[in-house]
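Take a look at the structure set out below.
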Amino acid sequence: MLGKTAGGLFWLFRYMERSENTARMIDAGLRISLTRSSAAVSEWTSILNATGLQNVYLQRYDTYTGPQVIDFLLRDETNPGSVRAVVESARNNARLVRTALTREVWEAVNECYMALTAVLANPVSDRDLPRVLQMIRQRSAFVRGALHGTMVRNDMYDFARIGTFFERADNTARILDVKYYILLPSIMHVGTATDNVQWETILRATSSVRAYQTLHDGEVDPKSIAHFLILDRRLPRSLAFCYSKIKDNLAYLETDYGTRHPCHDLADRICKRFSTFDVDMIFEYGLHEYIQDFLTDSAALGQQIETDYRFIE
Amino acid sequence: MTNKPDYFDEMMQAGGAPRAPYADYHDWFTSEEPGRLLEKSAEAEALFRLTGITFNVYGDPGAAERLIPFDLIPRIIGGREWALVAKGIEQRVRALNAFLHDIYHRQEIIKAGRIPARMIAQNAAFLPQMIGMTPPGGIYTHIVGTDLVRTGPDEFFVLEDNARTPSGVSYMLENRETMLHMFPELFSKVKVQSVSQYPRSLRRSLGACAPKACEGRPTLAVLTPGMYNSAYYEHAFLADQMGAELVEGHDLRVVNGRVAMRTTQGYKPIDVLYRRIDDDYLDPLNFNPDSMLGVPGIIDVYRAGGITLANAPGTGIADDKAIYSYMPEIVEFYTGEKAILKNVPTHRCSEPEALKYVLDNLAELVVKEVHGSGGYGMLVGPAASKQELAAFRAKLEANPDNYIAQPTLALSTVPILTDAGLAPRHVDLRPYVLVSPGKIDITPGGLTRVALTEGSLVVNSSQGGGTKDTWVLEE
């Protein structure tokens, strides 16, 4: 397989994952701004921070209103990270690696692009927004389903999966990064309605409200939320789960190619952190520092994979 | 352009009865609800969009992707008619390869006085780098798309020999897939020769031309200028169907005397490169130094026998429109036979007498640029306004060497489906020919292009042309 193709698959699935993560964050922001309008500005600010697009946003706007942020995240032409732009990037990568995709995967990506380009051609009204957000998540799920159901389990599949989990872990970590402070023990607001709503945003942005409640008997506390999102391997969006998948897929490549690269050692090191630190140790070390360390290592891993498998030269 | 009975319609006879090859199809068609067929037309378009058979128009980067319109009335050719055409194509392609070998070696045809030396020496498509070099297997034109037009029951003319990188074969294949998908029952009523073997034949044919450096099963790759090229879909499609890698110049480099592609496991040599970029862009060291699409040094590897390039560099000399006018002589010179397929009589404006004739009869003639393609820069005399004729006259007088002229042929028509029912439109045909040592493989049928505008003779997709599925009946 061409190095370029491996890179194209990695990015195709990163972008597909990103489109649905952005939809989830909008959903979370929308919920809190509807229920607690006083918190809206800080919520939208932190959501823009979590998407890494705040600087782009500030070049264009100096206020934070729901419709403005939502339009920016969904379809703004000046925003390279809008859902519309991300889906277009996904499709460009799919065209680039067309020979590595089954017809089903290609058609799912192409249909996603055609359908979302059509609904995002004009501003989305409040009334249509829930339907559009659902459609974004669903289109991404179709692509993942086509990948799962039709692609041969070889190196191509591995790069697609690594892209998926890399982006997903990155997303969960970014949400934790901008929201870590509400999980810290504090004498203020403990057990109040404020906390509950704030905590729920984190869970909602990672599509894990229901999973959390089911697994924790409805008891909500910050430490167990942190544990859930970082360490619980039952949750498919936790850092530990995503990294166990990345490690597996890198191991398949190692076996397949008969070559171990620096990226394998790096992934092992990141995984080890999830088995050696429990949640108390994480809080002792500093939740923020822990997440920052993770993001630094994760960026390094991305670059190492790119180098080891010759995505570019 | 209004005198319809003058044109040979391939489906219907003058009296209103279908011609023999269309008999079974016509039965089926007349029993169909017109409304259902129009719905199928929309279905076909959705299918093409989903598959992504779209293209960008050069010079219009902001525009949306376009589809080449597909018309669902097939173009049907009888088995016997086709056998004659295929024989003529085979003869012509054989002659083209012999001609190319000759002009890059001993140039016997010039010595024999059949072609003037300046036609070669002063031709921009002649590549001095190819002099004395014999490509692997002695094959120059691995893939040829011979453009044909028809004017009567057995009257076929060759319009152009596309001997560089003929495109459109993916449309031939997808058009058939679409018809099979939409009208499966038709194919049990009408016995149509298959085209789906083309990618396998292409792989076999290219593999049979592997260079001497090849060890074991040849590694093939398709070289594309990239995803913004109008034929990118086709490049990806053919690579996919052949199980070959789709590469761009920046995926390749010369490693240990071989052209190699950057894989996830290091550089891997390529044996046969089906390149879909022009000669000029192939090698910035040997040709256009500004090219970002090619591979520095690939021509040196090629000359040393390290890779096969399909088609060979320098084949453009054989499909040049000025050389075209010599094709009857070329066929006779190398095969010892009269050409089976007719050439359109061609006036070379570089010759003073011919130029005078062309200027005197401009309103009746089709004038083309010698190196032009895609229907650009051409004048269709009978359809041109006075101003257009005057402007073209000035161009001709300023640079006569740049033009050839041909009579306006009465191109055959095949009906298309319109909201008002069937309506005849002019068509041409591009069959695809694969050449390997000792074998010339012609896929039955090819790509039928149709001028969708009533009366128009220009079938190019960039100028309002569409396509049809082409059926060659079992004999």
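The values are calculated or read from the model by the stated rules, or taken from the named source; none is laboratory data. The model shown is predicted, which means the values in this text are computed figures rather than measured ones. Cβ atoms come from the backbone with ideal geometry, glycine included; neighbour counts cover every protein chain shown. Accessible surface is based on the protein model in full, side chains and every heavy atom, while ligands, DNA and RNA are left aside. Shrake-Rupley method; radii C 1.70, N 1.55, O 1.52, S 1.80 Å.
Which whole number gives the average count of other chain Cβ atoms within 10 Å of the Cβ atoms across peptide A:92-100? Each step should come with its number before you reach the end.
Working: counts 2, 1, 1, 8, 6, 2, 10, 13, 3.
The mean count of partner-chain Cβ atoms within 10 Å per residue comes to 5.
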5 angstrom amide H check on B:V247, placed H, neighbours 5+ away: B:V222, B:L223, B:T224
Normalised convex hull volume, the range A:153-313, alpha-carbon set, Å³ per residue: 112 Å³
What are the ³J(HN,Hα) values, in whole Hz, obtained from phi via the Karplus relation 6.51 cos²θ - 1.76 cosθ + 1.60 with θ = phi - 60°, for each residue of the range B:158-168 in sequence order, with x given for Gly and Pro? 8, 8, 7, 9, 7, 10, 9, 9, x, 10, x
Cβ-Cβ cut-off under 9 Å around B:L429, Lys and Arg +1, Asp and Glu -1: the net charge is +2
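Stretched out fully, how many nm does the piece from A:E104 to A:T259 gain, at 0.36 nm a residue minus the Cα gap?
Details: separation 155, 0.36 × 155 = 55.80 nm, distance 3.11 nm.
The span from A:E104 to A:T259 would gain 52.7 nm if fully extended.
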Contact order normalised by residue count of the range B:346-408, Cα under 8 Å, 6+ apart, percent: 49 percent
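Calculate, for A:R36 and A:D217, the FRET efficiency according to 1/(1 + (r/R0)^6) with r their C-beta to C-beta distance and R0 22 Å; round to the nearest 0.05. Display every interim value, and only then the final one.
Working: r = 26 Å, r/R0 = 1.17.
Efficiency, from the Cβ-Cβ distance: 0.30.
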At least 30 Å² of accessible area lost relative to the chain alone, listed for the range A:247-263 with a 1.4 Å probe: A:Y257
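Arranged from highest to lowest average of other beta-carbon atoms within 10 Å per residue, in what order do the peptides A:104-116, A:53-65, A:264-276 appear?
Numbers: A:104-116: 21.5, A:53-65: 14.1, A:264-276: 15.8.
Output ranking for A:104-116, A:53-65, A:264-276: A:104-116, A:264-276, A:53-65.
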With the cut-off at 1.5 for a/c, could you classify chain A from its C-alpha gyration tensor as rounded, prolate or oblate? oblate
Please report the spacing between the Cα centers of the range A:50-107 and the range A:110-124 in Å, no decimals. 12 Å
Using a simple spin-label model with points 7 Å from Cα along the Cα→Cβ vector, what separation in nm is obtained for B:H105 and B:L84? 3.5 nm
Roughly how many Å is it from the Cα centre of the range A:127-172 to that of the range B:210-270, as a whole number? 29 Å
Let me have the relative contact order for chain A, percent, based on Cα pairs under 8 Å that are six or more residues apart. 24 percent
Please compute the per residue accessible area over chain B with all protein chains in place, 1.4 Å probe, rounded to a whole number of Å². 40 Å²
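On average, how many beta carbons from a partner chain sit within 10 Å of the beta carbon of a residue in B:261-272?
On the way: counts 4, 7, 10, 19, 10, 4, 2, 2, 0, 0, 0, 0.
So the per-residue partner count for this stretch is 5.
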Per residue, the convex hull enclosing the alpha carbons of the range A:1-71 has a volume in Å³ of 86 Å³
Cα point-scatterer Debye curve for the protein assembly as shown, base-10 log of I(q)/I(0) at q = 0.04, 0.08, 0.09 Å⁻¹: -0.22, -0.79, -0.94
Could you go through the range B:87-92 in sequence order and give the Karplus-derived ³J(HN,Hα) for each residue, using 6.51 cos²θ - 1.76 cosθ + 1.60 with θ = phi - 60°, rounded to whole Hz, and x for Gly and Pro? 5, x, 5, 4, 4, 5
Cut-off under 5 Å, modelled amide H: who pairs with B:V366 long-range: B:G381, B:Q406, B:T408
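Could you please state how large a percent of the accessible area of the range B:288-435 is carbon and sulfur, counting protein chains only and using a 1.4 Å probe?
Numbers: 3150 of 5900 Å².
Carbon and sulfur together cover 53 percent of it.
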Partner lysines for B:K212 [C-alpha distance under 25 Å; skip if fewer than 8 residues away on the same chain]: B:K268, B:K439
What Rg and what Dmax come out for the range B:44-194 when only alpha-carbon atoms are used, in angstroms? 20.4, 58
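Calculated FRET efficiency, B:D24 and B:N288, Cβ-Cβ r, R0 51 Å, to nearest 0.05?
Details: r = 52 Å, r/R0 = 1.02.
Efficiency, rounded to the nearest 0.05: 0.45.
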Debye calc, one equal point scatterer per Cα of the range A:1-151, no solvent, log10 I(q)/I(0) at q = 0.10, 0.15, 0.18, 0.21 1/Å comes to -0.36, -0.75, -1.00, -1.25
³J(HN,Hα) computed for each position of the range B:261-271 - Karplus, 6.51 cos²θ - 1.76 cosθ + 1.60, integer Hz, glycine/proline x: 9, 7, 9, 5, 10, x, 7, 10, x, 9, 8
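Could you work out [θ]222 nm for chain B from helices alone, using -39500 (n - 2.57) per DSSP H run of at least four and dividing by all its residues? Round to the nearest 500 deg cm²/dmol. Numbers along the way, then the final one.
Values: 15 runs with 144 residues, N = 475.
When only DSSP H runs of four or more count, the value is -9000 deg cm²/dmol.
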Ranked highest first by the average count of other Cβ atoms within 10 Å around their residues, in what order do B:348-357, B:100-109 fall? B:100-109, B:348-357
Result for chain A: accessible area per residue, probe 1.4 angstrom, in square angstrom, of 43 Å²
From the Cα gyration tensor of the range B:349-475, with a ≥ b ≥ c the square roots of its eigenvalues, which class applies: rounded if a/c is under 1.5, or else prolate if a/b is larger than b/c, or else oblate? oblate
Starting from the amide H of B:R425, placed 1.01 Å from N in the peptide plane, find each other amide H under 5 Å away whose residue is 5 or more places distant or on another chain. B:V414, B:I416
Order the peptides B:218-225, B:437-444, A:142-149 from the highest to the lowest mean number of other Cβ atoms within 10 Å of their residues. B:218-225, A:142-149, B:437-444
Using protein heavy atoms only (no ligands, DNA or RNA), what is the total accessible area buried between A and B, 1.4 Å probe, nearest 100 Å²? 2400 Å²
In straight Cα distance, which lysines are under 30 Å from A:K179, not counting same-chain residues fewer than 8 positions off? A:K223, A:K245, A:K247, A:K272
Residues of the range B:33-52 with backbone N under 17 Å of the label point set 7 Å from the Cα of B:E185 along Cα→Cβ are B:33-41
On the accessible surface of the range A:153-313, probed at 1.4 Å with all protein chains in place, carbon and sulfur together account for a percent value of 51 percent
What does the extension gain come out to for B:H250 and B:D419, with contour length at 0.36 nm per residue minus their alpha carbon separation? 56.0 nm
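Let me check I have the definition right: for the range B:346-408, take the eigenvalues of the Cα gyration tensor, multiply each by 5, take square roots. What are those semi-axes in whole Å, largest first?
Semi-axes from the Cα gyration tensor: 15, 13, 11 Å.
Based only on Cα atoms, what mean projected area does the convex hull of chain B have, in nm²?
Details: hull surface 94.1 nm².
Mean orientational projected area (chain B, Cα hull): 23.5 nm².
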Any DSSP H helix in chain A with Cα axial reach of 20 Å or more and mean Kyte-Doolittle score of at least -0.5? Listed by number, the hits are A:3-35, A:103-119, A:129-150, A:155-183, A:239-257, A:287-308
Surrounding net charge for B:I440, when Lys and Arg each add one and Asp and Glu each subtract one, Cβ distance under 12 Å: +2
Give the average, rounded to an integer, of partner chain Cβ atoms located within 10 angstrom of each Cβ in B:45-52. 3
Given a Förster distance of 51 Å, the FRET efficiency implied by the Cβ-Cβ spacing of A:A251 and B:E388, rounded to the nearest 0.05, works out to 0.15
